[in-house]
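Taking it in order: structure first as structure tokens, then the write-up.
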């Protein structure tokens, strides 16, 4: 390699040195620094999304705390059969993967893949009349837009 460089004219050696000094930083920048900058931007976006979600949850908790609590329940619990009738009427019975009643009267429902708007409409229509309180409710997005997985725990 040195013999090859020694055979070159001084001007050619200078041009090779300048080219090497330009190519090395460009390679470093394109190969290392740009991917790091992209990862940093993605991490900052994920952080912003998490902060926005946290604020949204805090706002919903504040709204819930401001809502008046019902002192007594107007409707007796309808049981699993009543909830199942509501699911059939709402066209959601096929989407329920689990519908179980516990010994204490608690009902667990799991939807593996359900349309978010249909689920929300059904809950809004049924919840005031079924005689249960929603103890826990978890919704997770799926890869399909508008479709979610949901888990509900109802207490009498």
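The set of residues from region 112-153 being in a helix (DSSP H, G or I) and under 18 Å from residue 85 (Cα atoms) comprises 118, 119, 120, 121, 122, 123, 124, 125, 126. Take residue 53 and tell me if it is within 24 Å of residue 147 (Cβ to Cβ), at pLDDT 85 or above and assigned by the TED database to the domain that holds residue 144. In short, no. How about region 56-83: which of its residues are surrounded by 11 or more Cβ atoms within 10 Å (Cβ to Cβ) and modelled with pLDDT of 85 or more? Matches in region 56-83: none. Residues that are surrounded by 10 or more Cβ atoms within 10 Å (Cβ to Cβ) and in a helix (DSSP H, G or I) within region 1-19 comprise 5, 12, 13, 14, 15, 16, 17, 18, 19, listed in sequence order. Against the test of being more than 17 Å from residue 135 (Cα to Cα) and assigned by the TED database to the domain that holds residue 135, the options 102, 31, 91 yield a single qualifying residue, 91.
The values are calculated or read from the model by the stated rules, or taken from the named source; none is laboratory data. None of these values were measured; they are calculated from a predicted model. Neighbour counts run over all protein chains shown; Cβ positions are idealised from the backbone, glycine included.
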